[in-house]
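The next block holds one structure in the form of structure tokens; read it before the comments.
The values are calculated or read from the model by the stated rules, or taken from the named source; none is laboratory data. Predicted model only: the values in this text are computed from it and were never measured. Cβ coordinates were reconstructed from backbone atoms using ideal geometry, including for glycine residues, and neighbour counts include every protein chain displayed.
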Amino acid sequence: MHVVATAGHVDHGKSTLVRVLTGMEPDRWAEERRRGLTIDLGFAWRTLPSGRSLALVDVPGHERFVGNMLAGIGPVPAVMMVVAADEGWMPQSAEHLAVIDALGVEHGLLVVTRADRADPELAEEEARLELDGTSLQHAEAVAVSSVTGQGIDALVAALDRLSAALPVPSPEAPVRLWIDRAFTVKGLGTVVTGTLPQGTLSVGDELLLGGTGRRVRVRGLQSLKRQVDSVTGVARVALNLKGVELSDVSRGVALVTPERWTATQVVDIRLRPSNGTIGRECVLHIGSASIVGRLRRLGEDIARLTLTRPVPLHVGDRAILRDPGSRAVAGVTVLDVRPPSLVKRGSAARAARELSSWPAVPTSENLVRRHRFLREAELALMGRSAESDLVAGTWLVDPAHWAALGDQLEQLARSGAERDPLRPGLSVEVARQALGLPDKRLVEALVRAPLRIDGGRVLVEDAAPLLPAGVLAAVDRLRAELATHPFRAPESARLGELGLTGKAVAAGVRAGMLIRLAEGVVLPRETERKAVEILAGLRQPFTASEARSALDTSRRVVIPLLEHLDELGHTERVDAATRRVTGRS
Ligand SMILES: Nc1nc2c(ncn2[C@@H]2O[C@H](COP(=O)(O)OP(=O)(O)OP(=O)(O)O)[C@@H](O)[C@H]2O)c(=O)[nH]1
Ligand SMILES: [Mg+2]
């Protein structure tokens, strides 16, 4: 099925044309018929010569009912732009065209009506000029008279050509049905209607009532007054809903596929040039909905829109922003449905810079770069699917940021090993927080050589390997023993009592926890740093004897300790008797 909406100035013959094309009455209300004026949307349909069915959404032309016109055209992919031959281009012709152009509707016809009243040529030429440079510039033109029937066959043929050229939307696409009517049917309960632009609806489907998150079930389904089990967009549909009061549903509410849309009140948008000034207080029109919003311009054509109620949106959605005062309209493309806050200094300008570099239709890469991390499911809620590889099961990560995080994690693990040789590296949770990662599994995914995870800690492979518990305990006993006199290394016998036999000492040295200065002279590794600190406090250069008393130890320890520090470059000999601290540590 194809759905085409009418558009055009009041009294230009839109409803009459729909009547002639379909034999159905689009003006449903007694008041409309009495006044000969369309107030609300009308619906009618027919079969085209090709066998395709065509549904028509008839909109009001009167300027007072522009809201209804917007709700009618909003979800429809093609239009008939109607201009009366005897009146020509009029204000609402222009206003409707501006809406069509802002929405980017490219498929349509220019229909010059009332051709029996005046030569249609002039009106057609005038309209052509107006259409030039808009989304409808390639629209085919047909002149008709609904009174004499002139041109009606040609119009039907043109509508057939138009529908043949319309893109076929995906039946798998997530559903978003903008309700345009809601009423109760005796014995059935609540029924809603709308134009389904894409995707498939079936009896038994569970849908979300957009914005509220309430689940509803499709009890019955009709398309063009016929009972169906299933229908794919584009189509006019009527849904009988289970468990819904009439007060829950009204025009502008959307029914959506669960877990596929972001119900959002804050969006970043790209604005196309408008036909007038769009003020701070404006109205977003999307589908059949109109939502009051506050516009904050971030850059030339980038803005943040804060809405007064949540709406189910996708990145890439086209919509209209309208200033009800000036009646100006601007086309809008939704760039981000979950934009980050702009509280930090300079963040608005940064956001504008980034967003203005995005293509017309944002890609998942754009979104992942902006958000740094997104779950696959979050991306789906934004209306995009994963194009790059997933990390840690379900996450998408910006590659540049990911590489930087890997380096950062390695640095953290190395400095952890230096800070506390007894507990080298850092815990996965601490790493997660330090790197600002939303999920522990991302830390695990970041770990690659020379990093590894052992016992819930991120370690550097080439740094201290973990020691057996017995050796760790022995090192702890040694530390306790040296608490008051850190440089009085125990005698060999005492070392044995502490559990620091030859093998344990070797393991401790390998792990970087102990230093073995000479046979039977063993100190904890951190003593090195302490010694340098104390020696640096001495008058330089200093003698071995001065070092011995400063460190409060014996010659047995101080001589090999100084040689060890020489070797590390912390100290150096000045002459045969003295040394100084190099300051290179
Ligand atoms: N002579 C002549 N009159 C027409 C033709 N088409 C429509 N009319 C008349 O024009 C008047 C307006 O027609 P409608 O079809 O109600 O116009 P409309 O565009 O639907 O008007 P709104 O819905 O109020 O915007 C009616 O009196 C119609 O009878 C036509 O082809 N020839
Ligand atoms: Mg009408």
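For this structure, a couple of remarks:
- Residues that are under 19 Å from residue 181 (Cα atoms) and among the β-branched types (Val, Ile, Thr) were ranked within the stretch 4-16; the one that is farthest from ligand 1 (Cβ to nearest atom) is 4.
- Check on residue 104, more than 28 Å from the chain's Cα centre (by Cα), at positive phi, surrounded by fewer than 23 Cβ atoms within 10 Å (Cβ to Cβ) and not hydrophobic (A, V, I, L, M, F, W, C): no
- Subset of the stretch 322-367 that is part of a helix (DSSP H, G or I) and of a type in the set (D, E, K, R) - its residue that is nearest to residue 399 (Cα to Cα): 365
- In the stretch 137-146, residue farthest from the chain's Cα centre (by Cα) [restricted to those that are in contact (Cβ under 8 Å) with a residue 40 or more places away in the chain and within 9 Å of ligand 1 (Cβ to nearest atom)]: 146
- Residue in the stretch 503-512 that is of a type in the set (A, V, I, L, M), surrounded by fewer than 16 Cβ atoms within 10 Å (Cβ to Cβ) and at pLDDT below 90 present: yes
- Conditions (1) more than 16 Å from residue 3 (Cα to Cα); (2) in contact with a helix residue (DSSP H, G or I) (Cβ under 8 Å, 6 or more places away or on another chain); (3) of a type outside the set (D, E, K, R); (4) not in a strand (DSSP E or B): number failed by residue 102: (2)
- Tally, over the stretch 319-334, of residues that are under 17 Å from residue 252 (Cβ atoms) and among the charged types (D, E, K, R): 1
- Per-region count, the stretch 504-537, residues aliphatic (A, V, I, L, M) and either without any contact (Cβ under 8 Å) to a residue 24 or more places away in the chain or assigned to a helix (DSSP H, G or I) (or both): 10
- Restricting the stretch 1-59 to residues that are within 37 Å of the chain's Cα centre (by Cα) and more than 25 Å from residue 168 (Cα to Cα) leaves a set whose member that is modelled with the highest pLDDT is 8.
- Residue in the stretch 147-162 that is farthest from the chain's Cα centre (by Cα), counting only those that are surrounded by 14 or more Cβ atoms within 10 Å (Cβ to Cβ) and aliphatic (A, V, I, L, M): 147
- Yes/no for residue 19 being surrounded by fewer than 20 Cβ atoms within 10 Å (Cβ to Cβ), within 14 Å of ligand 1 (Cβ to nearest atom) and without any contact (Cβ under 8 Å) to a residue 24 or more places away in the chain: no
- Filter result for the condition that a residue is small (Gly, Ala, Ser) and over 21 Å from residue 260 (Cα atoms), over 403, 319: 403
- Count - residues of the stretch 109-123 that are within 45 Å of the chain's Cα centre (by Cα) and among the charged types (D, E, K, R): 0
- Within the stretch 376-422, restricting attention to residues that are in a helix (DSSP H, G or I) and modelled with pLDDT under 75, the residue that is surrounded by the most Cβ atoms within 10 Å (Cβ to Cβ) is 416.
- Of the listed requirements (1) over 28 Å from residue 323 (Cβ atoms); (2) in contact (Cβ under 8 Å) with a residue 40 or more places away in the chain; (3) within 13 Å of ligand 1 (Cβ to nearest atom), residue 48 misses just one: (3).
- The one condition in (1) within 23 Å of the chain's Cα centre (by Cα); (2) surrounded by fewer than 16 Cβ atoms within 10 Å (Cβ to Cβ); (3) not in a strand (DSSP E or B) that residue 279 fails to fulfil: (1)
- Some residue of the stretch 331-344 being small (Gly, Ala, Ser), surrounded by 14 or more Cβ atoms within 10 Å (Cβ to Cβ), at pLDDT 90 or above and farther than 22 Å from residue 102 by Cβ: no
- Within the stretch 194-241, the set of residues being in contact with a strand residue (DSSP E or B) (Cβ under 6 Å, 6 or more places away or on another chain), exposed (fewer than 15 other Cβ atoms within 10 Å of the Cβ) and at pLDDT below 95 comprises just one member, 215.
- Yes/no for residue 571 being surrounded by fewer than 21 Cβ atoms within 10 Å (Cβ to Cβ), in contact with a strand residue (DSSP E or B) (Cβ under 7 Å, 6 or more places away or on another chain) and among the β-branched types (Val, Ile, Thr): no
- Restricting attention to the stretch 543-568, the residues that are buried (at least 18 other Cβ atoms within 10 Å of the Cβ) and of a type in the set (Lys, Arg) add up to 1.
- Residue 119 over 22 Å from residue 328 (Cα atoms), surrounded by fewer than 24 Cβ atoms within 10 Å (Cβ to Cβ) and either touching a strand residue (DSSP E or B) at 6+ places or on another chain (Cβ under 7 Å) or among the acidic types (Asp, Glu) (or both): yes
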